[in-house]
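Below is one structure, written out as structure tokens, with a few remarks after it.
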Amino acid sequence: MNILKTILSYENIVIQCHDNPDADALASGFALKWYLKRNGKDARFIYGGKNKVTKSNLVLMMEKLGISAEYVTELESPKLLVTVDCQYGESNVTKFDAKNVIVIDHHQVSGQLPEIFDVRSNYGSCASVLYKLFLKEKIDINEDENLATALYYGLMTDTGGFEEISHPVDRDLRDYAKPRQSDIILFKNSNLSRQELIIAGEALKNADYNDKWSYAVVSAKPCDPNILGIISDMLLEVDTVNCCLVYSIMPYGIKISVRSCIKEVKASELASFIAQDLGGGGGHLIKAGGFLQKDLIEKAGIAYEADALEQFFEERMLEYFENSKIIYAGEEAEDISDFVHYTKREVKLGFVKATDFAKKGKRITIRALEGDLDVTVNDDMYIIIGITGSVYPITKEKFEATYLDCDEPYTFPGEYAPVATLTSTGERIELLPYISSCISKGGDSIYARELDHRVKVFTTWDRDKYYLGKEGDYLAVRCDDLSDVYVIAKDIFKSTYEKTAI
């Protein structure tokens, strides 16, 4: 279903964002209204709640970019109400009657959705959802500088200055948009008030430190999310703090900021763990953040009050550190006494030779769902596309020893098709036209066991970044090299390996 075309089929359209709108909500509503106007449709853009927008950076954003968001307390039932950056009926959005409702959002689903919706909970912003919808319509957001600026700033603010980005569509919007930088600088430097600086100082003064695991947890009064990042950055400067969590309890949910300066803890992974089942979290190795929804917290049986939430965060942090095993492959032999012998099946995959799409010696970034991969092209490099769309490079020798060419057409199985970007020019190259099918020869033998706890594995080929194994995934050891320890996701393992006798 083309959700934008569906919206165009209605008359009397109202766009609504959540109460106390932030930059992402304003950008998303503005973008949808812009699209409708482009297609000959008039629409109102509204928000409700107890207060009008007064925050200086948001007022400037609305003035500079021509965002006409109306504050309303009553609404005559429209033929269509489209909620952006929120879900109809949530506690943070005033509920107005409407004959039909459509939802466009990026938060975790917390209640009943209408028949038509586009909710992408793994995106960092609703601006990214609109950007993706525009791409499908072949709309270049840079044809209107105000639109590009709004979407860019919406993403920037909702991802802590791009530090909490995890999805490739977010990275695409960040890299592709051409905003008016003078406005972005103006908005950024109108973001904090004196009162918010006082909030930061009070929060730091009351930090709770865990000396055993060298982390700190801080509760801050309701404030702009950027304040949480400032507090986190300052905490990480403390010599006894390697990781930290800063959170702020809002009327509609909890914003968190996470930092780490040790390789044994990825900030993005810790943020995701804290927000698990209650919202979403992500970011980078060092800096990350997330949001826990009030509705989901209460559904989990956690009282939405300060003491109960403080206890929740303390317990969640302790669980993370005390129940995670770290393995440094090759430093000591893995005990395989309770492992089972498995053999790899023949599996159809995709591949492309790197020099088919880029010249030898060129530095490229391959963007895929699991992250960006920076490599230098050479004659020996092949790119493999796994059964779930994951991307990884191998040598020509390893390819020829492990895979066979296949004449069947290649069909990409994942959500986000890989793209290569030339570092020197920024040119984007879609890889799908270059990808061919191949079949793994099978027969590779491993020892493996199903995990009943979290494991972080530093492999022999990457000593700086660990691979996370969760309960239900598999810890694997190559039969011909017991120092080669790694993690295989449960869905991939079950479709690519079978139990065999030794």
Quick one: how many residues across region 401-423 are out of contact with any strand residue (DSSP E or B) (no Cβ under 9 Å at 6 or more places or on another chain) and farther than 18 Å from G389 by Cα?
1
Look at F321 and say whether it is open to solvent by less than 70 Å² (accessible area, probe 1.4 Å), touching a helix residue (DSSP H, G or I) at 6+ places or on another chain (Cβ under 8 Å) and modelled with pLDDT of 90 or more.
no
Test result for S125, closer than 27 Å to A177 by Cβ and small (G, A, S)
yes
Condition met for K465 (loosely packed, with under 15 Cβ neighbours inside 10 Å, among the basic types (K, R) and either more than 25 Å from the chain's Cα centre (by Cα) or farther than 25 Å from V340 by Cα (or both))
yes
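Right, Y71: among the aromatic types (F, W, Y), under 30 Å from S272 (Cβ atoms) and free of Cβ contacts under 8 Å to residues at least 60 places away in the same chain or not?
Considered against the rule, which asks whether it is among the aromatic types (F, W, Y), under 30 Å from S272 (Cβ atoms) and free of Cβ contacts under 8 Å to residues at least 60 places away in the same chain, Y71 comes out as no.
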Any residue at all in region 211-224 that is buried (at least 20 other Cβ atoms within 10 Å of the Cβ), in a loop (DSSP other than H, G, I, E, B) and either of a type in the set (A, V, I, L, M, F, W, C) or in contact with a Ser or Thr (Cβ under 6 Å, 6 or more places away or on another chain) (or both)?
yes
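Quick one: which residue in E310, E346 is touching a residue at least 24 places away in the same chain (Cβ under 8 Å) and farther than 30 Å from A448 by Cα?
Testing whether each residue is touching a residue at least 24 places away in the same chain (Cβ under 8 Å) and farther than 30 Å from A448 by Cα leaves just E310.
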In region 20-59, the residues that are more than 22 Å from R120 (Cβ to Cβ) and of a type in the set (D, E):
D42
Quick check on my filter: what residues within region 44-62 are in a loop (DSSP other than H, G, I, E, B) and in contact (Cβ under 8 Å) with a residue 40 or more places away in the chain?
G48, G49, K55
Of the residues in region 60-101, how many are within 24 Å of the chain's Cα centre (by Cα), open to solvent by 40 Å² or more (accessible area, probe 1.4 Å) and closer than 11 Å to Q16 by Cβ?
1
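Matching residues to (1) touching a residue at least 24 places away in the same chain (Cβ under 8 Å); (2) open to solvent by 20 Å² or more (accessible area, probe 1.4 Å); (3) charged (D, E, K, R); (4) outside any loop (DSSP other than H, G, I, E, B):
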residue	(1), (2), (3), (4)
V103	no, no, no, yes
Q108	yes, yes, no, no
Y153	yes, no, no, yes
F162	no, yes, no, no
D172	yes, no, yes, yes
Over region 22-43, the set of residues free of Cβ contacts under 8 Å to residues at least 60 places away in the same chain and of a type outside the set (K, R) is G29, L36, N39, G40, D42, A43
Taking T365 as the residue in question, decide whether it is of a type in the set (S, T, N, Q) and within 23 Å of the chain's Cα centre (by Cα).
yes
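Take the residues in region 176-198 that are in a loop (DSSP other than H, G, I, E, B) and of a type in the set (A, V, I, L, M, F, W, C), then tell me which one is most open to solvent (accessible area, probe 1.4 Å).
This residue is L192.
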Hey, among the residues in region 472-502 that are charged (D, E, K, R) and touching a strand residue (DSSP E or B) at 6+ places or on another chain (Cβ under 7 Å), which one's nearest to V347 (Cα to Cα)?
E498
Flag for P114 being more than 17 Å from L26 (Cβ to Cβ) and open to solvent by less than 10 Å² (accessible area, probe 1.4 Å)
no
Going through region 369-382 in order, the residues found to be under 23 Å from Y497 (Cβ atoms) and out of contact with any Lys or Arg (no Cβ under 8 Å at 6 or more places or on another chain) are L369, E370
Top-ranked residue in region 1-25 [being open to solvent by 10 Å² or more (accessible area, probe 1.4 Å) and of a type in the set (S, T, N, Q); ranked as modelled with the lowest pLDDT]
N20
Can you find, within region 303-349, the residue that is farthest from G443 (Cα to Cα) among those that are touching an Asp or Glu at 6+ places or on another chain (Cβ under 8 Å) and among the hydroxyl-bearing types (S, T, Y)?
Y304
Criterion first (surrounded by fewer than 20 Cβ atoms within 10 Å (Cβ to Cβ), among the hydroxyl-bearing types (S, T, Y), closer than 26 Å to V169 by Cα and under 23 Å from the mean Cα position of the chain (by Cα)) does S28 satisfy it?
no
Just checking, does region 457-470 include any residue being in a strand (DSSP E or B) and in contact with a helix residue (DSSP H, G or I) (Cβ under 8 Å, 6 or more places away or on another chain)?
yes
Of those in region 471-481 that are assigned to a strand (DSSP E or B) and not hydrophobic (A, V, I, L, M, F, W, C), the residue surrounded by the most Cβ atoms within 10 Å (Cβ to Cβ) is Y474
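The values are calculated or read from the model by the stated rules, or taken from the named source; none is laboratory data. From a predicted model like this one, the values you see are computed outputs, not experimental measurements. No Cβ is skipped: glycine too gets one built from the backbone with ideal geometry, and neighbour counts run over all protein chains shown. Note: accessible area is taken over every heavy atom of the protein model, side chains too, but ligands, DNA and RNA are not part of it. Shrake-Rupley method; radii C 1.70, N 1.55, O 1.52, S 1.80 Å.
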